[in-house]
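**Student:** To start, I am sharing the structure in question, which I have written as structure tokens.
The values are calculated or read from the model by the stated rules, or taken from the named source; none is laboratory data. Nothing here was measured: the structure is a model prediction, and the numbers come from that model. When we count neighbours, we look across all protein chains shown, and the Cβ atoms used for this are built from the backbone with ideal geometry, even at glycine. Heavy atoms of the whole protein, side chains included, go into the accessibility calculation; ligands, DNA and RNA do not. Shrake-Rupley method; radii C 1.70, N 1.55, O 1.52, S 1.80 Å.
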Amino acid sequence: MTKTASWLFLALALPAAAQTLPERKDVVSWQTFSQVELMKQKDRYVPKFAAGIAALDQKEIRVQGFMMPLETGDKQTHFVLSATPQTCAFCMPGGPESMVEVKTKTPVKYTFDPVVVSGKLVVLKDDPTGIFYRITDATPVK
């Protein structure tokens, strides 16, 4: 990588990397979502969730994160919220414990800023996509 390319990469990555989530007591924390272990079951690994996260299954919750669009356009109805912002369009910002798939009732305007959504949490014990959490019927929260 050339010196110029290195500086350009840093200039583009730093604003996103420097962005952190403001502390909110009305949302489920990413620390809570991280309370999961992978357990070997026959020829594959499956998540084993801590009691605190398992108790949230099928409950209405709020979560705060950065949008990763799964559709084209400036309004999204299906996206992933992550604990950290994306620094690359082709890179995942973390493991499945740091992401929540979101399906909204109505389209939400895409933004690089943190968003909060409210909806029903589904804790996925054996999802073929490898995701651990999904929120359905989500709506944006201020």
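**Student:** For residues that are polar (S, T, N, Q) and over 15 Å from residue 98 (Cα atoms), scanning just the range 19-75, find the one that is surrounded by the fewest Cβ atoms within 10 Å (Cβ to Cβ).
**Tutor:** The qualifying residue surrounded by the fewest Cβ atoms within 10 Å (Cβ to Cβ) is 72.
**Student:** Evaluate the following for residue 106: is it in contact with a strand residue (DSSP E or B) (Cβ under 9 Å, 6 or more places away or on another chain), open to solvent by 60 Å² or more (accessible area, probe 1.4 Å), of a type outside the set (Asp, Glu) and part of a strand (DSSP E or B)?
**Tutor:** It is true that residue 106 is in contact with a strand residue (DSSP E or B) (Cβ under 9 Å, 6 or more places away or on another chain), open to solvent by 60 Å² or more (accessible area, probe 1.4 Å), of a type outside the set (Asp, Glu) and part of a strand (DSSP E or B).
**Student:** May I pose another question? Mind telling me which of the residues 126, 57 ends up being among the acidic types (Asp, Glu), under 20 Å from residue 28 (Cα atoms) and touching a residue at least 60 places away in the same chain (Cβ under 8 Å)?
**Tutor:** Result of the check over 126, 57: 57.
**Student:** Sticking with this one: Among all residue pairs at least 6 apart or on different chains, which show Cβ distances below 7 Å where the first residue, located in the range 23-40, is in a strand (DSSP E or B) and the second is open to solvent by less than 40 Å² (accessible area, probe 1.4 Å)?
**Tutor:** If the second residue must be open to solvent by less than 40 Å² (accessible area, probe 1.4 Å), the pairs left are 36/47; 36/49; 36/50; 36/53; 36/132; 38/47; 39/46.
**Student:** If you take the residues in the range 111-142 that are under 24 Å from residue 23 (Cβ atoms) and not in a strand (DSSP E or B), which one is modelled with the highest pLDDT?
**Tutor:** The selected residue is 132.
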